[in-house]
Structure formats: C-alpha cells, structure tokens
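None of the figures in this text is laboratory data; all of them are computed from the coordinates on show. As the structure is a prediction and not an experimental result, all values here were calculated from the model. With ideal geometry, Cβ positions are generated from the backbone for all residues, glycine too; neighbour counts draw on all protein chains shown.
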Amino acid sequence: MPLQIKSLHPSFMGEVSDISLKDVFDESLLAEIRAGMDKYGVLVFKDQQFDDDEHLAFARRLDGELHAKTGSRTIAKNRFGNEALTDISNVDPTDENDVLKTNDRRRLYSLANRLWHTDASFEYPAGRYSMLYAYVIPPVSADTQFADMRTAYDRLDAQMKERIDGLMVHHSIAYSRQTLGFEFSPEEAAKIQGAVHPMVREFPNVGRKGLYLASHAASIEGMALPEARLLIKQLIEHATRDEFVYNHAWTTRDLVIWDNRATMHRATPFDDQNHLRELRRVTTLEIPPLEQSRAFDGVQGVH
Ligand code: OGA
Ligand code: MN
C-alpha cells in the first residue's frame, strides 16, 4: 500500500498514517518515505512504538550513517552511553526523576535549541535527517517549530537570489552558543571547529533550491563580518516569517523526521523547572557530502 500522507501546511509538512516504522524493512517503502521527505521536508508519524535500538536501527535503514559527534559530547557524557542517541530532555542524569536546575551548564547549553537552527550544520559531513521521538510530553505547551527554507528561498527577490548565489558559510556550534553568552573552554572549542557549506542548496530530486542557514552560521567567506552577520540575520528573519512556519504540538510516541537541509527548527519555551520533557533524537549524515562543503580548517575569509 502506498504511503498515506496528509498535508499539514500549504508548502511543507506531512503526516503519515497507518505505519509502524520499526517494522518497515521493505526497500520500496523506505524509498517512498525518502521521496516523502524530499517533497514535504518534515514528516510526522504518530503512535510509534520504538525502543532506543529500534529507533537507531530505523534511522540506519532509512539513511545509513549516524551523526555521533554532537556538540553536547564536548560538555557532558551521554546519558545513554551512545553518542548517536541525543538526549533532548531536561532530565537530570544523576536523578532521573528531577529536572536540570536553572543554572546547570547542560541546561544552559541546550537553551540554544530555542534559536532557529538546523542540526549538525557545523559538521562535515552535515546532518541530513533528524528523527525526534517523544517519550514524555508535559501538560503545558512545549512545541517545536519548523520553517520551510525552500519556499523561503523561492520567495526571495531576484536581486537577493543573485547576491547569495555561490556564497559559502562557516557554521560553528561554538558561535551559536556564544551568541547566548555560553562559552566553551579552549579545550572544548578546539574539538568543534565547524564546517563550511553553501548558503544555497539544490534539491535535484525535486528540482528546487533552498536556503541553508542556522543560528550556527557564523561568517561568510570573502565578506566582512558585520556585513555577513547582518545578511545572515536578515535572511533568517525572512525565512522564519509566519507564512513559512509550522508549529508541532507533541503527543507522546510521535516521531518527527525533518530534513535538516530543507528546514530550520526551534524549541519553544516552557516551564522546564516544573515539568519533565523527554525526547530522543537520532540524526543521519549527508553522505556523500556536497562537493562544495568541507570541514573548517581555521582559515577564514575577510573579517
Ligand atoms: C532537536 C531540537 C527542539 C525541541 O531535537 O534537534 O532542536 O523542541 N529539538 O526539543
Ligand atoms: Mn535541533
């Protein structure tokens, strides 16, 4: 039976019904899910019954290699003992019934998820799909927002499209944290130099282009910093206008898969001192990487 996808937004976001992903091994069905991702950018799957191993195994079947060099590994040990399983929660690892306190460094680190971003753009190869699975959802709203970066690109005027064509952007998780005043130690920072990717990506499977931006976007090669940062800010403002944004209100056992190359996302604030919220994420890598992309080697354009 072909995938049943219901559209959730005029330009992106689909919800797939009647499918249990842990049982999907059929190559043609996996190919249909990938085609759905190409078309919608984000797919919501309700009522999945994953354990961690099934979650990881499904991600490998869908897209191959997993991202395990997360920024968070530089500041704390992974709670699950597996760097490919990212802990998206406010759970205190030393007392799993408690929340991370206001000034806990791990909490301060994860606050940056509330900035518009895309996962692992600071890596080479970059992140492709993220698959976020909901274990514990609080009774207050604690939604995730998604922004459609391909339609945002389409709606730029011709002059701006021409201006940004061919620009190369340095993405750095140290930079995005610094914008909130979170500092890595020099030893931590040395492990996370970042990566360089084109600002405009092509999606040959669907014949589209998209903006590739994130809070991690720190500089543009060959452009003075103030000008580069202003341009990045202006484009992120454009790309996250209401018309390009969808708000996902979570239910326990939702699995949401997004294409990090085609969308941005952010967490929305909630009372995290009084409610537990627990999700786990697996992100795949863009292999092969784009020809223009590379690991950042410390040599920047004009600053
Ligand atoms: C993530 C993320 C946002 C949220 O899992 O990569 O940014 O709402 N999550 O938890
Ligand atoms: Mn994220």
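Couple of notes before you dig in:
- Put in line by how crowded their Cβ is, counting other Cβ atoms within 10 Å and starting with the fewest, THR251, THR74 read THR251, THR74.
- Treating r as the C-beta distance of ASP51 and SER141 and R0 as 25 Å, the FRET efficiency rounds to 0.40.
- Residues VAL206, VAL282 arranged by fewest to most Cβ contacts within 10 Å: VAL206, VAL282
- Cα centroid separation, segment 171-236 to segment 43-58 (Å): 30
- When the chain is treated as a GNM with alpha-carbon contacts under 10 Å, the residue of ASP26, ASP87, ASP119 showing the greatest mean-square fluctuation is ASP26.
- Nearest-0.05 FRET efficiency for ARG107 and SER7, computed from C-beta distance (R0 45 Å): 0.80
- Surface/4 of the Cα convex hull for segment 177-241, nm²: 6.1
- Candidates per trypsin sites (Lys or Arg not before Pro) in segment 164-211, loop by DSSP, up to 12 other Cβ within 10 Å: LYS191
- Each residue, ARG114 and ALA190, gets one label point 7 Å from its Cα in the Cβ direction; the gap between the two is 3.3 nm.
- Other residues lying with their Cβ under 14 Å from the Cβ of ALA158 contribute a combined charge of 0, Lys and Arg counting +1, Asp and Glu -1.
- The H on the amide N of ALA195, modeled in the peptide plane, is under 5 Å from the matching H of HIS171, PHE296, each at least 5 residues off or on a different chain.
- Of the Cα atoms belonging to the chain, the radius of gyration and Dmax stand at 18.5, 55 Å.
- Applying the criteria of a DSSP loop state and at most 11 other Cβ atoms within 10 Å to the chymotrypsin sites (Phe, Trp or Tyr not before Pro) of segment 1-66 yields PHE25.
- Number of Lys pairs (Cα under 20 Å; 8 or more positions apart or on different chains) in the chain: 11
- Under 5 Å between amide hydrogens, built in the peptide plane, is the criterion, and for HIS216 it picks out THR118 among residues at least 5 positions away or on other chains.
- Legend: ranking of residues GLU286, GLU221 from fewest to most surrounding C-beta atoms inside 10 Å; resulting order GLU221, GLU286.
- Among the trypsin sites (Lys or Arg not before Pro) in segment 41-70, those placed in a DSSP loop whose Cβ has at most 16 other Cβ atoms within 10 Å are LYS46, LYS69.
- The chain: DSSP helices with Cα axial extent of at least 18 Å and average Kyte-Doolittle hydropathy no lower than 0.0: 225-239
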